[in-house]
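To start, the structure under review is shown below, and the notes come after it.
All of the numbers you see were taken from the coordinates with simple rules; none came from a lab. Source: prediction; values computed, not measured. In this analysis, Cβ positions are derived from the backbone assuming ideal geometry, glycine residues included, and neighbour counts consider all displayed protein chains.
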């Protein structure tokens, strides 16, 4: 792992992934489970779970990624659907504010809602 890497770690027995940005000094910037963006040790962030790096083809330079991450430390605007840990880490890394986990969940919901009238 290197400074400015987009990290993910499994949570809730793999039901979802927690995301953050490696700050290169043994700490990770991330949303603390719905409260605020903070800087935690890599060990606290991983909670003993295996870390993996998310690659982005359109990644910004490391300097920009780190500036973005540091600029939001202390932010308290968490929203599961619109501003979660994956939104934060993806924005830091690419400048795009998105969450693949939320996109997938919403797509599944759209699919199932389209099937409901036929089932009745």
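Points to keep in mind about this one:
- Relative contact order (percent, whole number), the chain, Cα cutoff 8 Å, 6+ residue spacing: 25
- Between helix 100-119 and the chain: long-axis angle, C-alpha atoms, 0 to 90°, nearest 10: 0
- Computed from Cα atoms, the angle from the helix 85-94 axis to the main principal axis of the chain rounds to 60 degrees.
- Checking (1) 16.4; (2) 18.2; (3) 14.9 against Kirkwood radius over Cα pairs in Å calculated from these atoms, the matching label is (3).
- Between the helical axis of 62-71 and the longest alpha-carbon principal axis of the chain there is an angle of about 80 degrees.
- Highest mobility in the GNM of the chain, judged by mean-square fluctuation with C-alpha springs under 10 Å and restricted to 62, 29, 89, is found for 62.
- Residue with peak Gaussian network fluctuation, the chain [Cα springs, cutoff 10 Å], from 56, 87, 13: 13
- When 55, 36 are sorted by how many other C-beta atoms sit within 10 angstrom of their C-beta, beginning with the fewest, the order is 55, 36.
- Mean-square fluctuations from a GNM of the chain, with a 10 angstrom spring cutoff on Cα atoms, peak among 20, 95, 48 at 48.
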